[in-house]
1. Take every residue in peptide A:288-294, count the Cβ atoms of other chains within 10 Å of its Cβ, and give the average of those counts.
2. Under the definition of Cα pairs under 8 Å and six or more residues apart, what whole-number percent is the relative contact order of the stretch A:214-285?
3. Sort B:291-297, A:18-24, B:219-225 for me by packing, meaning the mean count of neighbouring Cβ atoms within 10 Å per residue, highest on top.
4. I need the peptides A:271-283, B:315-327 ranked by packing, meaning the mean over residues of other C-beta atoms within 10 angstrom, with the highest value on top.
5. With an 8 Å Cα cut-off and a minimum separation of 6 or more residues, compute the relative contact order for chain B in percent.
6. Between A and B, which A residue has the Cβ nearest their rotation axis, distance in Å?
7. Every other copy gets compared here: list the nm distances from the B:SER29 label point (7 Å along Cα to Cβ) to its counterparts, shortest first, one decimal.
8. How far is A:ALA61 from the same spot in each other copy, in nm, shortest first, if each label point sits 7 Å from Cα toward Cβ?
Number of protein chains: 2
Amino acid sequence: MTSSTARSAVSIEREVPETERPHTFLRESDDKEELSTSSVRARFEKMIRDAQDSVCQAIEAVDGGGKFKEDVWSRPGGGGGISRVLQDGAVWEKAGVNVSVVYGVMPPEAYRAAKAAAATDQKAGPIPFFAAGISSVLHPKNPFAPTLHFNYRYFETDAPKDTPGAPRQWWFGGGTDLTPAYIFEEDVKHFHSIQKKACDKFDPTFYPRFKKWCDDYFYIKHRNERRGLGGIFFDDLNDYDQEMLLSFATECANSVVPAYIPIIEKRKDMSFTEQNKAWQQLRRGRYVEFNLVYDRGTTFGLKTGGRIESILVSLPLSARWEYDHKPEEGSEEWKLLDACINPKEWI
Amino acid sequence: MTSSTARSAVSIEREVPETERPHTFLRESDDKEELSTSSVRARFEKMIRDAQDSVCQAIEAVDGGGKFKEDVWSRPGGGGGISRVLQDGAVWEKAGVNVSVVYGVMPPEAYRAAKAAAATDQKAGPIPFFAAGISSVLHPKNPFAPTLHFNYRYFETDAPKDTPGAPRQWWFGGGTDLTPAYIFEEDVKHFHSIQKKACDKFDPTFYPRFKKWCDDYFYIKHRNERRGLGGIFFDDLNDYDQEMLLSFATECANSVVPAYIPIIEKRKDMSFTEQNKAWQQLRRGRYVEFNLVYDRGTTFGLKTGGRIESILVSLPLSARWEYDHKPEEGSEEWKLLDACINPKEWI
């Protein structure tokens, strides 16, 4: 079948567990040739590892009970990652914050999956690539406390072997988005305001563009609804100064805690009914549908043989599918669904 | 993005609800031109509607509490279906038994998705098709009672318009497979024996071929494990007499009740622990992964804009994903997983 053919053509080595976090997951050649501390690869790796530390600290502090379990892994030829998962905490039922640095060779069809824009400038042969990213999904227990997702990544294809000195292809991608089961307007406004503030520091066109991109991206086509209430999303970004985009991604990652934690503080202890919980579970079902059917990071990860437990940590602890469930018109559940069908301007 | 482009190219009309079951979902032209009672289309439709009735009757009788809710729908240009769902019964938490008759025009890439074999003999243009099938997933509550899936379908592409009288492409597909969370050898042997008996009436090579095909098909590549303990599966079957294959599909559909119901009778009232239930929920998570990522019927349905609630009724009422869960070696959970990783010959 076509899918398994595509998958078997990807050459990523099997990961192996490590007992300690290495100083860097970069290949030695990268480390030397490009002066580890100054290359974009190296600085991006440092940024995502710092962001992982600060987000995990903030989560543990609010949770009070749960602690992150860490898995470090590497691949023999270079690359690796740090997966941190807090499961069954006091506030979060599942919180995953992963960083990874991946070297691989992908077939052209996987390249197209990773990079949405038509890659007409690419040769048809297998393409060596480097990808580093931080990826996180935080699923709270309380149905009034929203799920957060963020992901920032840097991608490079190797310089063509037959033209030494030719520039690599590189691009940045990422975003932060909010998925509540119930709408509290002040929460959604707060969340979007922080995203806008981060964007506005760099380009006034970023927030409106990336807000719309987010609404368009997290679209569950077969349901004609979005996964949640959006935020920002961008991909294949390379038509700006590389340093500027590195700073922008850093600013976005640093905005996660101020955008999300205040909302959780307000909602984590609200009382709720069984009906509220059941609705949250149905929305989690939609989360699963989006991630397994449409999400480029997930489908790319499954195709390239990435570390499955790290990729699928984005799935909620539990989810529910009821046949033909329709919330009563005008209800709080209906309002959420309506906002997922007709995206709003929150600020 | 490529996926939405592919989807929007498919021209299936939106379904509309009906208050009554029609005598047939075939287009009038089919009905007349081919003498409704004798064409393969018409006889296949009758067969799947009879099977739907008899399976639903058997399920309701064993369940004792739940009743199937029926939704009838049609499409303006012909085709339609009957969805029957029993939710929150005494024995089954979700049982869906659907029949559908679909006329459509698909782009070549969807055609390839529906028919695994390389379609080198096809023109590249859009292809009018007819598809009829019965599809059912039965998820019991008790973690010792297995989930059953079966699906039998008949597919035709229209005769080429420029060569009147030229033969249509047609094929049969289907299968019945068992997905328990715990192994009871006598149950699995019973189930496979009934499948073999149905196969052996037609061709002694069918059972071994279709058993292996089933193990290969329900493979969750990214987990390196199968969804369950298999059964039979076949697709694109057209290199036998068409009448023989119609009889074979009928025999298979008629074997569902004797293969499955005796197992449920034995397991539905067994006592179980919270741990048993949690394991069942984890296996249901795998069920969701298979159906959304790999299942051709589901991905084809999502692509062609089929009736979403009917397509996704296959998903369990609830499912669970724990990070890096590994059953203890030698445990009953481990034995199930082992049999999903290394398919066995049960009879």
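The values are calculated or read from the model by the stated rules, or taken from the named source; none is laboratory data. As the structure is a computational prediction, the values presented were derived from the model and not from experiment. Methodologically, a virtual Cβ is constructed for each residue, glycine included, from the backbone with ideal geometry; neighbour enumeration extends over all protein chains shown. Protein only, heavy atoms only, side chains kept; ligands, DNA and RNA dropped before computing areas. Shrake-Rupley method; radii C 1.70, N 1.55, O 1.52, S 1.80 Å.
1. 5
2. Worked out over the stretch A:214-285, it gives 20 percent.
3. B:291-297, B:219-225, A:18-24
4. Highest to lowest by the protection proxy: B:315-327, A:271-283.
5. In percent, rounded to a whole number, it is 17.
6. A:LEU292, 2
7. Label-point separations across copies, in nm and ascending: 6.1.
8. So the distances to the same position in the other copies read 6.5 nm.
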